[in-house]
Amino acid sequence: EAFEGLSQYARSEASEENHYEEFRLADVIEEARQRVDRLEAAEARVRVRSGRSADEALVIQSNRGLLVMALSNLIGNALKYTSEGGSVVARWWCDDDGGHFSVTDTGLGIAPEHLPRLTERFYRVDPGRSRSSGGSGLGLAIVKHALQRHGGRLDVASELGKGSTFSCHIPSSR
């Protein structure tokens, strides 16, 4: 998995050309969810729901590959750090500010002192746990890079022992 993380990060960095295409946001989110379905029990633990049915038709202009990579990293992380019996909910919606995607889990949660550094390359909250679960420390750096390329941002809210919510915001200008 460490090699896969390095490979993904290199692809996101190398994708400097602005290859944007139009597609439905619902399709890219479904593609990201399908990517992580290979993880154990993903189908049973992940629900994807929309904020409004009108969002189904939302078309955005974006680098589809980068967005799929970012969203699948968020869903994969949530599954990895949520115990059996917990839940992971992926939700998307749009408003006047653009498109939004969030992943909320009932996992381990993250202590407040780690939140500012989460998107640094190779940063791990617990290096021992990350090594045993196969993390490379690049997933959230990839998410941050992909969102910045689209003029977006990542917000994180977490409570130790209760879970986390990672929210992506992509402005409507893209």
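Name the shape class, rounded, prolate or oblate, that the alpha-carbon gyration tensor gives for the range 62-102, where a ≥ b ≥ c are the square roots of its eigenvalues, rounded holds for a/c under 1.5, and otherwise prolate holds if a/b is larger than b/c and oblate otherwise.
Details: a/c = 4.63, a/b = 1.62, b/c = 2.86.
Oblate shape, in that a/c is at least 1.5 and b/c is the bigger or equal ratio.
With every protein chain present, what accessible area does K144 have (1.4 Å probe, heavy atoms only), rounded to the nearest 10 Å²?
Roll a 1.4 Å probe over it and K144 shows about 80 Å².
What does the accessible area of H19 come to, in Å² to the nearest 10, when a probe of 1.4 Å is used?
Result for H19: roughly 110 Å² accessible.
The values are calculated or read from the model by the stated rules, or taken from the named source; none is laboratory data. Because the structure is a prediction, the values reported are computed rather than measured. When the accessible area is computed, the model is the full protein with side chains, heavy atoms only, and any ligands, DNA or RNA have been set aside. Shrake-Rupley method; radii C 1.70, N 1.55, O 1.52, S 1.80 Å.
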